[in-house]
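The block underneath contains the structure these notes are about, expressed in structure tokens.
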Amino acid sequence: MSRTAIRRAIMTAALVVPTALFAQKPTAQALFDKHAAAVGGMAAFRATMARTEVGTADITFASISAGYERKVGGGRMLMTIDVPGFGQVQQGFDGTIAWAMDPQSGASKMDAGMTADVLSSTSPTAGLWESGSYTSAEVLDAADFEGAKTWPVKIVSKSGRARTVYYDQATGLKIGEVIQQPSGEQKNLYSAYKRFGAISVATKVTQGTPNGDIVLNTTAVTFDAIDAAIFVLPAAVKSLP
């Protein structure tokens, strides 16, 4: 083969290979569908109109393990962490106002962006990226993430928050995400998926913070009806302007 023919073959390969690789890249919807199927299916999550999670919150940088409970239902949410020697740390949403409260800082209302994020998290299909729950989704090039081969998807939620979600190529499960927060990037890891009823959830969630990691370990998930009274705004929040 002549040098000209060899050069032409190399140039042709250079053009063809990237195209072939690109063709193997799945769509964002295909990745969302594969993850949803792996954790029980979209229909099973839609049927969970009320959900209570209990477990522990390990605050690694303070060597503290605290009990936590999170209740979600009817587009409302209340999460309580009982920290030994400190007291209750709470976050809630009554359907309109998102708030936080702890013994040191007192009560506060969340801004519009955080409120929108909390609202989206109260959907039974939160995290499955059901159609209409985001404004854009772009599949990035394959990448290694926490030792796994993944497809990263850059998603902009309806609140305007951008994040990159990493899906394990083999299992389809979401194993992590990097969220763009006003204070910088927040990295969350998801592992130890277990079945509760018809759905599977990540029972270990590692949340990165500027101070260090907080690890949520879920030990039980139930789907019984929740008394709406628990979602009523605390008096300290009601008194805020």
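Highlighted here are the strands (runs of 3 or more DSSP E) found entirely within the range 178-241 that include at least 3 residues which are open to solvent by 30 Å² or more (accessible area, probe 1.4 Å): 184-196, 213-222. Restricting attention to the range 102-114, the residues that are open to solvent by 40 Å² or more (accessible area, probe 1.4 Å) and either within 23 Å of Ala50 (Cα to Cα) or under 18 Å from the mean Cα position of the chain (by Cα) (or both) add up to 1.
Scanning the range 141-167 for residues that are polar (S, T, N, Q) and open to solvent by less than 20 Å² (accessible area, probe 1.4 Å), we see that the one that is farthest from Ala36 (Cα to Cα) is Ser157. When the residues of the range 178-200 are filtered to those that are farther than 29 Å from Arg46 by Cβ and of a type in the set (Gly, Ala, Ser), the one that is modelled with the highest pLDDT is Gly184.
When restricted to residues that are in contact (Cβ under 8 Å) with a residue 12 or more places away in the chain, open to solvent by 40 Å² or more (accessible area, probe 1.4 Å), within 18 Å of Ile199 (Cβ to Cβ) and part of a helix (DSSP H, G or I), the range 43-86 contains 1. For first residues located in the range 22-42 and more than 20 Å from Thr164 (Cα to Cα), partners that are open to solvent by 40 Å² or more (accessible area, probe 1.4 Å) and not in a helix (DSSP H, G or I) and lie 6+ apart or on another chain with Cβ distances below 6 Å form the pairs Gly40/Ala198.
So which of Asp227, Asp213 ends up being of a type in the set (Asp, Glu) and at pLDDT 95 or above? None of the others qualify; the one that does is Asp227. Screening Thr203 with (1) among the polar types (S, T, N, Q); (2) under 13 Å from the mean Cα position of the chain (by Cα); (3) modelled with pLDDT under 95; (4) more than 17 Å from Asp117 (Cβ to Cβ) gives one miss only, at (3).
Evaluate the following for Glu138: is it surrounded by fewer than 16 Cβ atoms within 10 Å (Cβ to Cβ), part of a strand (DSSP E or B) and of a type in the set (Asp, Glu)? Yes; evaluated as a whole, the condition is true for this residue. Applying a threshold of 8 Å to beta carbon distances and a minimum spacing of six or more residues, or different chains, the list of pairs starting in the range 219-231 at a residue that is in contact (Cβ under 8 Å) with a residue 12 or more places away in the chain and ending at one that is open to solvent by 60 Å² or more (accessible area, probe 1.4 Å) and in a strand (DSSP E or B) reads Ala228/Arg76; Phe231/Arg76.
The values are calculated or read from the model by the stated rules, or taken from the named source; none is laboratory data. Quick caveat: nothing in here was measured; it's all calculated off a predicted structure. Note that we place each Cβ from the backbone using ideal geometry, even for glycine, and neighbour counts take in every protein chain shown. Ligands, DNA and RNA are stripped out before the accessible areas are found, and what is left, the full protein with its side chains, is counted by its heavy atoms. Shrake-Rupley method; radii C 1.70, N 1.55, O 1.52, S 1.80 Å.
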